[in-house]
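Before any comments, here is the structure.
The values are calculated or read from the model by the stated rules, or taken from the named source; none is laboratory data. Just so it is clear, the structure is predicted and the values come from calculations on it, not from any experiment. Methodologically, a virtual Cβ is constructed for each residue, glycine included, from the backbone with ideal geometry; neighbour enumeration extends over all protein chains shown. Only protein heavy atoms, including side chains, enter the accessible area calculation; ligands, DNA and RNA are left aside. Shrake-Rupley method; radii C 1.70, N 1.55, O 1.52, S 1.80 Å.
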Amino acid sequence: MRPRRSALLILLSLLGCNDGLAPRQASCPPDFIGICGTVTFRGAIPDSTDVVYVVAYANFPANRDDLFLFKPFPPDSLPLANVSTSGRQTYRLGLPSGSYAWVLAAWKKVGAFNATNPDSLLREAGYYRDPADTTKAGVVVVSGARTDGVDFVVDFTNMHPVSFYFP
């Protein structure tokens, strides 16, 4: 009788798991080159939202012209349809090998974007932070393979215009 009771308990515990014995979905396939991680959303998506991009900069932008030196081009966007229910999603950013000083989510307001209006249409909505000092951007190194665990928060209640970071 004990083996049956043990088997029943194991079966019930497996059925109670969300995915049973299914493996967790990897944020990056094994042969992917770039960075992968999760973004966790805070706050309601603003009504004026056009898109949220995830981009990386080899060097932290020092002026408005540097804003156009992001990778990849064209930028990758985050699906926003189920943000209110999911709150968290994985992302992949295909990048060549190198060091990236700023990996961020850039919120874009509805409207035609051009080189003269980034402050009116773009906001930094969240970025990967240095685990040792979360007040600073974290540097991410890609060296011919995937770099996992580049997780950060997209906070729609605490977005900054791009000029916030310029001297």
>> Condition first: open to solvent by less than 30 Å² (accessible area, probe 1.4 Å) and closer than 13 Å to Gly37 by Cβ. Can you find one or more residues in the range 157-165 that meet it?
In response: no
>> Of everything in the range 124-150, what is in contact (Cβ under 8 Å) with a residue 40 or more places away in the chain and buried (at least 17 other Cβ atoms within 10 Å of the Cβ)? Give them in sequence order.
In response: Glu124, Ala125, Gly126, Tyr128, Ala137, Val140, Val142, Arg146, Thr147, Val150
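May I ask you to list the residues in the range 75-87 that are modelled with pLDDT of 85 or more and either open to solvent by 90 Å² or more (accessible area, probe 1.4 Å) or in a loop (DSSP other than H, G, I, E, B) (or both)?
Initially, the range 75-87 is screened for residues modelled with pLDDT of 85 or more, giving 75-80.
Within the range 75-87, Leu78, Pro79, Leu80 qualify.
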>> Restricting to the range 124-151, name every residue that is farther than 19 Å from Leu67 by Cβ, part of a strand (DSSP E or B) and of a type in the set (A, V, I, L, M, F, W, C).
In response: Val141, Val142
> Which residue pairs have Cβ atoms closer than 9 Å, lie 6 or more positions apart in sequence or on different chains, and pair a first residue in the range 34-59 that is over 18 Å from Gln89 (Cα atoms) and at pLDDT below 95 with a second residue that is hydroxyl-bearing (Ser, Thr, Tyr) and in a loop (DSSP other than H, G, I, E, B)?
Replying inline: none
>> Go through the range 102-123 and report how many residues are farther than 13 Å from Phe156 by Cα and either open to solvent by 20 Å² or more (accessible area, probe 1.4 Å) or not in a strand (DSSP E or B) (or both).
In response: 12
>> What's the number of the only condition in (1) open to solvent by less than 70 Å² (accessible area, probe 1.4 Å); (2) farther than 24 Å from Phe166 by Cβ; (3) out of contact with any Gly (no Cβ under 6 Å at 6 or more places or on another chain) that Phe41 fails to meet?
In response: (3)
> Does the range 92-101 contain at least one residue that is open to solvent by 30 Å² or more (accessible area, probe 1.4 Å), at pLDDT below 95, assigned to a strand (DSSP E or B) and over 20 Å from Cys28 (Cβ atoms)?
Replying inline: no
